[in-house]
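Here, each number is a calculation from the coordinates, and none is a lab measurement. Values in this document were obtained by computation on a predicted structure and should not be read as measured data. So basically every Cβ, Gly included, is an ideal-geometry build from the backbone, and we count neighbours across all protein chains shown.
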């Protein structure tokens, strides 16, 4: 018999959460979710079953009623965390994905995610994914609009020169700064289509 309860918490990065029904909290795993992932405030329907790890405890199965993310379901084709973009495939069509449009966990290749489809801001004839949820990777930090810093300096003993890299939006050793996605040349459209012949010499981002 199906039960109902309120989402208490759901950690997308770690893939589990809890549903409160009455005065009991029921554990659930991401693999037990049917349909969209849940978000704060959702009233969920679920079945109660003994835990496989500890049959003396009960947990939630077949969890449904989540409302997080967009209205389209697709599969992550690939996502480059360093460059902050990737593609989601839906019915044979690829939709561009930028890091700033992700909520929760980082999309990993093969993940099933929920998203909305909108015209690309740079090329309205193409499509982009917004409001993306369901990624199984650890959530990314802030700063994707600020750039990936790189600088040249010395090591901690002041002797050997070295290249250093900061995080997204950070500075490298030696004070180098990086250009941001919003301030750079943009993503190479030919690369998106698999046709760029310039390789590393291309002035656009790959």
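Counting other Cβ atoms within 10 Å as a rough exposure proxy, the listed residues 138, 85 run 138, 85 from fewest neighbours to most.
Need one number for the range 72-133: average projected area of the convex hull over its C-alpha atoms, nm².
Details: hull surface 15.1 nm².
Averaged projected area of the range 72-133's Cα convex hull equals 3.8 nm².
The relative contact order of the range 3-64, computed from alpha carbon pairs under 8 Å that lie at least 6 residues apart in sequence, is 34 percent. Annotation: the antiparallel percentage among DSSP beta bridges lying fully within the range 1-72 is about 90.
With the convex hull of its Cα atoms as the shape, the range 7-93 has an orientation-averaged projected area of 7.3 nm².
Taking neighbour Cβ counts within 10 Å as the exposure measure, how do 95, 29 sort from fewest upward? Can you show the working numbers first?
Working: 95 23, 29 14.
Starting with the residue having the fewest Cβ neighbours, the order is 29, 95.
Could you grab the relative contact order for the range 1-104? Cα pairs under 8 Å, six or more apart, rounded to a whole percent. Worked out over the range 1-104, it gives 20 percent. So if R0 is 45 Å, what FRET efficiency would residue 78 and residue 23 give, r being the distance between their Cβ atoms, rounded to the nearest 0.05? Computed FRET efficiency for residue 78 and residue 23: 0.50.
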